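Student: Submitted below is the structure of interest, expressed as structure tokens.
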Amino acid sequence: MLKTLYLLEYALRSLVRKWKKYVALVSIYAIVVAFFSSVIFFTSALNRETQTVLSDLPEIWVQKLAGGRLVPIEESFLNEVSSEIRGIKKIAPRIWGYNYDVATGAVLTLMGSNASLQDLALLNTQTTELRKGEALCGTGLLEIRELYEGDRFTLQDSHGELQSFDIKGSFSAKSDLLTKDLLILHPDDARIMLGLSPKQVTDIGIEVYNPEETDNIAKKIDMAYSGIRVVTRDQLKATYEALFSWRGGIFIYGGIISLLAFLILAWERMAGLGNEEQKELGILKGIGWEITDVLWVKLWEGIIISLTAALSGILLALVHVYIFQAPLLKPFLIGWSMMYPAYDLHFSLQMGDLAIILSVAIIPYLSATIIPAWKGAITDPADIMNG
């Protein structure tokens with residue numbers, strides 16, 4: 001144990017003697033680690049936020065398809081499903097779609113709702129009921145058109161005709177991830193904007209009494225009716241998880257490639273030991289050091305360097321993602337839009353994420369350090385001193 005402490009002390013002194021070189025090495029190493037750590041933290045945080053939001057959705061969604069495209073559902077279909085399929089607790093029709101705002105080039109998400117506005121969270125309004133000709137807006141439309149509550153604006157409906165609406169309220173910026181491009185209208189107005197007839201809806205959400213029966217009920221609905229698409233909440237969660245994992249994976253691979261390139265350079269540098277390092281090894285072996293002693297010193301140096309760089313990179317990544325809200329990654333991992341959502345990522349550190357980062361950052365570097373050191377340690381001291 002005492003010998004190990006002496007070897008650790010020697011490794012620290014060796015690093016201190018060449019501190020300028022190792023500070024530069026650790027700095028570059030930490031930046032590389034910070035890059036792929038930021039991607040891991042960001043995709044994990046975003047995936048957790050999405051899973052939390054999706055947990056409040058109905059267990060089953062039913063959409064009607066024609067030629068592979070989404071088409072409206074007649075309201076009579078709701079009563080038919082409710083009466084023929086057991087286990088259904090509630091069926092909620094949805095009226096929604098997209099509208100291209102010619103004036104700004106933005107794409108808005110339209111939704112028709114006549115629910116009590118008091119039930120909508122993060123909504124800034126004094127109105128308790130939405131009437132025809134009135135609208136609730138996300139912050140995106142207000143910002144891009146420079147509008148305020150009480151203003152009037154126009155949009156083109158599906159037939160190219162202008163429809164006017166008074167802004168009765170807006171959503172808080174805290175909900176931007178969900179409501180940035182959202183526009184809530186009275187159901188009749190939403191149908192006009194989307195080209196739906198008075199008895200048509202876009203799709204339906206189904207709540208079940210027993211969540212464990214969700215897959216069975218979804219399968220019964222799918223088999224009972226043709227030309228429909230049945231999606232469960234778990235499938236939707238899996239889709240978003242795969243989407244974020246795919247986008248994040250591209251950057252993670254890029255970070256790993258950068259790290260490998262860095263390690264290759266480190267390998268080449270250490271494989272070709274400089275004159276000073278060769279003489280140091282020759283002196284140590286000449287005064288009685290064993291090969292294992294030399295390897296332990298190099299191992300301690302590698303551990304100190306890689307661990308310092310890894311922890312520094314993780315700290316930089318945490319600051320980048322959770323304090324500055326990942327400004328370098330958001331545009332690429334979320335997408336591109338005229339109305340880009342601003343939102344806060346809540347801090348959550350998973351041990352699995354840390355384990356992956358530390359494994360990728362430390363183990364390869366130790367390998368790139370020990371193997372060249374071993375080759376130098378087994379060389380005869382006389383050969384080393386003679387050059």
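The values are calculated or read from the model by the stated rules, or taken from the named source; none is laboratory data. Since we're looking at a predicted model, the values are computed, not measured. No Cβ is skipped: glycine too gets one built from the backbone with ideal geometry, and neighbour counts run over all protein chains shown.
Student: Can you name the residue in segment 172-190 that is of a type outside the set (Ser, Thr, Tyr) and touching a strand residue (DSSP E or B) at 6+ places or on another chain (Cβ under 6 Å) and is also surrounded by the fewest Cβ atoms within 10 Å (Cβ to Cβ) among such residues?
Tutor: Applying the filter and picking the extreme gives Pro187.
Student: Looking only at segment 216-240, count every residue that is surrounded by fewer than 14 Cβ atoms within 10 Å (Cβ to Cβ) and either over 24 Å from Gly67 (Cα atoms) or among the aliphatic types (A, V, I, L, M) (or both) and tell me the total.
Tutor: Matching residues across segment 216-240 total 4.
Student: Which count do you get for residues in segment 134-152 that are part of a loop (DSSP other than H, G, I, E, B) and of a type in the set (Lys, Arg)?
Tutor: 0
Student: Also: Can you pull out every residue in segment 132-147 that is in contact with an Asp or Glu (Cβ under 9 Å, 6 or more places away or on another chain) and more than 11 Å from Gly169 (Cα to Cα)?
Tutor: Correct list: Lys132, Gly133, Gly140, Leu141, Ile144, Arg145.
Student: A further question follows. Could you list, in sequence order, the residues of segment 50-69 that are among the basic types (Lys, Arg) and surrounded by 15 or more Cβ atoms within 10 Å (Cβ to Cβ)?
Tutor: Within segment 50-69, Lys64 is the sole residue that qualifies.
Student: Then there is this: Output the residue which, of all residues in segment 13-27 that are loosely packed, with under 15 Cβ neighbours inside 10 Å and of a type in the set (Val, Ile, Thr), is nearest to Leu318 (Cα to Cα).
Tutor: For segment 13-27, the residue satisfying everything is Val23.
Student: State all residues of segment 9-34 that are charged (D, E, K, R) and under 21 Å from Ala361 (Cβ atoms); if no residue qualifies, say none.
Tutor: Within segment 9-34, just Lys21 meets the criteria.
Student: Looking at segment 98-116, can you tell me whether even one residue there is without any contact (Cβ under 8 Å) to a residue 40 or more places away in the chain and in a loop (DSSP other than H, G, I, E, B)?
Tutor: Looking for residues that are without any contact (Cβ under 8 Å) to a residue 40 or more places away in the chain and in a loop (DSSP other than H, G, I, E, B), one finds at least one in segment 98-116, hence yes.
Student: Can you tell me which of Gln63, Gln51 is within 30 Å of Tyr225 (Cβ to Cβ), under 37 Å from the mean Cα position of the chain (by Cα) and in a helix (DSSP H, G or I)?
Tutor: Gln51
Student: Of the residues Ala317, Ala355, which is modelled with pLDDT of 70 or more, part of a helix (DSSP H, G or I), within 30 Å of Leu46 (Cβ to Cβ) and within 17 Å of the chain's Cα centre (by Cα)?
Tutor: After ruling out the rest, the residue left standing is Ala317.
Student: I'd like the full set of residues that are without any contact (Cβ under 8 Å) to a residue 24 or more places away in the chain and closer than 24 Å to Ala92 by Cα, limited to segment 152-209.
Tutor: Result: Pro198, single match.
Student: Return yes when Leu196 is under 30 Å from Leu46 (Cβ atoms) and buried (at least 18 other Cβ atoms within 10 Å of the Cβ) and no when it is not.
Tutor: Judged against the criteria, Leu196 is not a match.
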